[in-house]
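*Asks:* Questions regarding the structure given below will be posed in turn.
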Amino acid sequence: ASSLIAQRPLLRIVWRPPIPTATPTPTATPTPLAGSIEGTVFEDMNLNGIRDAGEPGLAGATVQLWQGTVQIDEQLTAGSGVYRFENLAPGIYTVKEIDPPGYASNSPNEVSGIVVMAGETTWGIDFADYKPKIYLPFIRR
């Protein structure tokens, strides 16, 4: 009589170290170029809301830069009335002006929806102010 011997399958585990594969080096994400906003606060002598020849810039106006509900920067204009906000990330901004002492506005004190593009200057965000005339009553004696 022949005997049958059950043969079990043989499981062999062979460990081999992994073969290194070339991994691409990640490329740096370029930093977007900064943009800027520039404008002037001027004395609107003829009250037309447009800067005409001979209308000087105004010193002492406060100009604020906002993005959403966050104030980003603030500047006080010098004699030329020019302000400039630099190194701005591309986005949408608001510029607000506070009149210098002794002046009132002849233009809105807030310009919103200003689009700043990478590497570009958004200019012409100007504010027209004027000196109100004060009339004193005439009193007869």
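The values are calculated or read from the model by the stated rules, or taken from the named source; none is laboratory data. This structure is a prediction, so every number in the text was calculated from the model and none was measured. With ideal geometry, Cβ positions are generated from the backbone for all residues, glycine too; neighbour counts draw on all protein chains shown. Each accessible area value is taken on the protein alone, full model and side chains, heavy atoms only, with ligands, DNA and RNA left out. Shrake-Rupley method; radii C 1.70, N 1.55, O 1.52, S 1.80 Å.
*Asks:* What per residue convex hull volume, in Å³, comes out for region 80-127 when only alpha-carbon positions are used?
*Replies:* Details: hull volume 4.1 nm³, N = 48.
Cα convex hull per residue, to the nearest whole number: 85 Å³.
*Asks:* Now, a different point. What is the calculated FRET efficiency for Asn48 to Ala78, with r their C-beta to C-beta distance and R₀ = 22 Å, to the nearest 0.05?
*Replies:* On the way: r = 24 Å, r/R0 = 1.11.
After rounding to 0.05, the efficiency reads 0.35.
*Asks:* Provide the solvent-accessible area of Lys133, counting protein heavy atoms only and rolling a 1.4 Å probe, rounded to the nearest 10 Å².
*Replies:* About 150 Å², rounded to the nearest 10.
*Asks:* Where nothing but the Cβ of Lys and Arg (+1) and of Asp and Glu (-1) is charged, how large is the charge dipole of the chain around its Cα centre, in debye to the nearest 20?
*Replies:* 980 debye
*Asks:* Now for a separate question. Put a dot 7 Å past each Cα toward the Cβ at Ile98 and Thr31; how far apart are the dots in nm?
*Replies:* 3.1 nm
*Asks:* Also, I was wondering about something else. Not counting the cut sites, what is the longest span of the chain without chymotrypsin sites (Phe, Trp or Tyr not before Pro) that DSSP labels loop and that have at most 11 other Cβ atoms within 10 Å?
*Replies:* Details: sites that count: Trp15, Tyr135, Phe138.
Here the longest run is 16-134.
*Asks:* If you project the alpha carbons of the chain onto their three principal axes, what span does each projection cover, largest first, in Å?
*Replies:* Sorted from largest, the Cα extents of the chain read 152, 30, 21 Å.
*Asks:* Pairs of Cα atoms under 8 Å, at least six residues apart: use those to get the relative contact order of the chain, whole percent.
*Replies:* Values: 268 pairs, mean separation 39.4, N = 141.
Relative contact order, the chain: 28 percent.
*Asks:* A further question follows. Determine the distance separating the Cα centre of region 25-92 from the Cα centre of region 114-133; give it in Å without decimals.
*Replies:* 6 Å
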